[in-house]
Every structure is written in structure tokens, then in C-alpha cells.
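Chemist: I'd like to ask some things about the structure below.
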Amino acid sequence: MDISPELLKNILEDFNRKYRNNKKLIDLVATIDNKTATYEDAYNFSVEIGNMLASSFDLFINADDLPNRKMYYNIAEKVIGETLGYNHKLVSEFAKDVQTVLNKQSGMNINGVAAEISRERIEGLINKVSSDDFDKVKWVLDEPVKTFAKKIVDDTVKANAKIHKDLGLKPQITRVVHSNACSWCKNLAGQYNYGDESPDVYKRHAYCNCVVTYTPKGYKKPVNVWSKKEHKVGNDQKKNAKTNNHNIETFSKRGYNDVNKLSNNEVRIWYHDKLDEIDNLVDKTKSIEEQAIQAFELRNKIRSQARELMDDAEAREYLEKNKPINTDFEKFVEEKMKRKNMTREQAYIDIVKTSKKSNKNIDVSLGIERSGYE
């Protein structure tokens, strides 16, 4: 008999009950609404989440209730895998919202991004807890689970700093130690330019209460996500920057010749819509090489038209100078073969497959979400 469904149900119900009644979490969520949230709040949020899940594990997982006193891999994968995934979603979303608050406070109209889930860490905990008699390995579901939650915040700091650096900014990472910090942590305390820091800055040992933070500073004007330069935004541009459903319907479905100059947000939405059409325009009766050529040319045409539609002359000039459109198909194929270690046919297939994808960093910085990315 598979005990994992009932076990998972009991753990999640207990966890969610604790979550709803946790006064600290209620107060922390209020910092997002009040626009006062910091990474210290994100860290405290992760601590509460980790503690609650460890407590639920301790309450419902007992050696005597497990087959042969072991949490076999199939049980651990279902119970531990799903609950840690749920915790990751809660913590990563909160930390992302913290970064959005910090961005806006610093004059950056850029949304925060959530950290990707670490399947490797989850798999490591599953393997360990399923390796022996449960009483010998149950410690894995205590402090390591709490550390897992804290690491999500560290990963969020790193992910957002990377995006900001990719956008031409100069993020600085700070590791703060609290009372009773060990010598290893004390040696890591301080501020670092992102990219120059040791990987150890993002590491933590059991019971570590260090906080890794990133607060954008000095960006009092909106930052152009293509040219990376600060620029003033006039009333007309502010008005054009709105991208609600009504705006999308009025221009994103229209052809190139039917559209006037657009704001950066509007151009991006128009660009996405046209990329989505590529798959239907490529002739599937042709050879894979001919399909790749069609997709390549269609994408280049759409990119060129999108740039011509940009009302932001500075950003358009930056793109033409620093990110020219590659019109040499053979060169593009050879570069893809080398970069992705592909055969020529694999490169053709990849060109068709990725022709409708867009750059995640640009989309995120403009507050636009999309399913496919380069």
C-alpha cells in the first residue's frame, strides 16, 4: 500500500494551517503591500517557512509508520519533493516581490525575478533520507530543510544581480553576519561587486543566520533596458508605456504598415505577437534546411520592423550599433553548431524551434512575461 498520498495530504494541511495563522508571516507580507520590504524580511520569511515545514515533517513522519522503518525513494520523492517544491514557490515569490519593491524604490521600473528551483538540492535530500533506517536519517528533514528555504533567498539575490549586470548596471552584493557568527562567516562578511565575489558568498552551513542582500542604488531615473543609459521620461512616453489588455488589442494584432511609432513596452508586445506567427508561416513541406532559412529570414524581418517601430531613438541607435541583425545564414548556422555542439541538421532544427523565442532579460525588465526564451 502506497502511504505517500495520505502522508503528503496530512503534511500539507498542517503546513497550510500554520501558514494561515502565522502572525510573523502576516506582518512580513504587509511589508510588500507597504513597499517597505527588504531582503532581511525575505530571509525572515524563509526562516518561518522552513521551520513550519520541518515541524510538519516531524509531526507526521515516523519510522514506525514507514514500511520496514524506511522512507523509500518513491515515498520521499512524492512527499519531500512536492513539499519542498511548494516551499520554493512561496519563498521565491516573496523574495521576487521584495526585489521589485527595492527596484522601484531606486527609480528602476523593472520587476524582480524569482530564483529557479534547485532540483539538485531536492534530489540530494531525497537520496539521503531514503538511504537508511529513518531514525538514523530523520535529521535531514530538520536543519537541511530550513537551510534549503534560506538558500532560495540567496539564489534570488544572485539571479537579480545578474540580470541588472546584464542590463549594464553595477550591482553590489552584501553579506551581513549576525550575533554568534562563526569565523568562516565573519570572513565572508562585506560588500562585493557582482561578478567579483567568491562563490562562497552565497553558501551557508547548517544553522547559518547570515543574510545576503542586494539593494539597487543610485538609479534615480528610469534605465533604458537596451542602451543601459538613464533617461528622462516625458508625459507622452509615460502614457504610451501602459500595456493593459486594451492597448494590446489595439496594436499587437495589427500589421507593420498599420502601426505608428510605439513605446518600448508596446514594441516588445508587437514583437512577441509576430514571433508567434513564424511557426505558421514556415512551409513544413520543405526540407529542414529550407524551413530553417525561412524561419531565419522571417525572424530577421520582424526584428528589423520592430526596431523601425521604436519611438525611442536612443535605444534604436544602441541596438543597431551594438546588436546588429545577423543576415548571414551560413555564418549563423556555423556559430550555432559550434556554440551548441550540434550537427548541421541539428542546427537547422534548432533554428526553426527557437525562431519564435525572445530574450528573457529584456522581457522581465519591461514587466512582460512569456513562455519561451532564448
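All of the numbers you see were taken from the coordinates with simple rules; none came from a lab. Here the structure is a predicted model, which is why all the values come from computation and not from measurement. Don't worry about glycine lacking a Cβ; one is built from the backbone with ideal geometry, like all the others, and counts go over all protein chains shown.
Chemist: Return the FRET efficiency for the residue pair D200, K9: r is the Cβ-Cβ distance, R0 is 30 Å, and the value is rounded to the nearest 0.05.
Modeler: Efficiency for this residue pair is about 0.15.
Chemist: Loop only per DSSP, at most 12 neighbouring Cβ atoms within 10 Å: give me the chymotrypsin sites (Phe, Trp or Tyr not before Pro) in region 106-214, ordered by residue number.
Modeler: In loop regions of region 106-214 (DSSP not H, G, I, E or B), the sparsely surrounded chymotrypsin sites (Phe, Trp or Tyr not before Pro) are Y207.
Chemist: Quote the FRET efficiency, to the nearest 0.05, computed for D328 versus N359 with a Förster distance R0 of 35 Å and r equal to the Cβ-Cβ distance.
Modeler: Given R0 = 35 Å and the Cβ-Cβ separation, E is 0.95.
Chemist: State the extension gain, in nm to one decimal, for the chain segment bounded by Q172 and S131, taking 0.36 nm per residue of separation less the distance between their alpha-carbons.
Modeler: Gain in length upon complete extension: 10.7 nm.
Chemist: Another question about this same structure. Can you give me the relative contact order of the chain as a percent, contacts being Cα pairs under 8 Å and 6 or more apart?
Modeler: 15 percent.
Chemist: At a Förster distance of 41 Å, what's the computed FRET efficiency of D65 paired with T36, Cβ-Cβ distance as r, to 0.05?
Modeler: Once rounded, the FRET efficiency stands at 0.40.
Chemist: Any chance you could give the angle, 0 to 90 degrees and rounded to 10, that helix 264-275 forms with the longest Cα principal axis of the chain?
Modeler: 90 degrees
Chemist: Return the inverse of the average 1/r over all pairs of distinct C-alpha atoms in region 4-171, which is the Kirkwood hydrodynamic radius, in Å to one decimal.
Modeler: 16.8 Å
Chemist: Take every Cα pair under 8 Å in region 4-171 that's 6+ residues apart, average their separations, divide by the length, and report that relative contact order as a whole percent.
Modeler: 30 percent
Chemist: Rounding to the nearest 10 and keeping the result within 0 to 90°, find how far the Cα-based axis of helix 73-105 lies from the longest principal axis of the chain.
Modeler: The two axes meet at around 60 degrees.
Chemist: Tell me the net charge near N160. Cut-off is 11 Å between Cβ atoms, N160 excluded, with +1 for each Lys or Arg and -1 for each Asp or Glu.
Modeler: Computed value for this residue: +2.
Chemist: If you line up the Cα atoms of the chain on their principal axes, what length do they span on each, largest first, in Å?
Modeler: So the extents along the principal axes, rounded to whole Å, are 70, 51, 41.
Chemist: Let me ask another. For the Cα atoms of the chain, what angle does the longest principal axis make with the long axis of helix 143-166, in degrees from 0 to 90, nearest 10?
Modeler: Tilt of helix 143-166: around 20 degrees.
Chemist: Obtain the nm distance between the two label points defined at N21 and S304 by a simple spin-label model: each point lies 7 Å from its Cα along the Cα-to-C-beta direction.
Modeler: 6.6 nm
Chemist: Can you give the extra length, in nm with one decimal, that the chain gains between K104 and D276 once fully stretched, where that is 0.36 nm per residue apart less the Cα-Cα distance?
Modeler: Length gained, K104 through D276: 58.8 nm.
Chemist: Can you tell me which of 169-176, 76-83 comes out highest on packing, and rank the rest after it, using the mean Cβ neighbours within 10 Å?
Modeler: With the highest mean Cβ count within 10 Å placed first, the list reads 76-83, 169-176.
Chemist: If each residue of separation counts as 0.36 nm, what is the full-extension length gain between T215 and K186 once their alpha-carbon separation is subtracted?
Modeler: Answer, rounded to one decimal: 8.4 nm.
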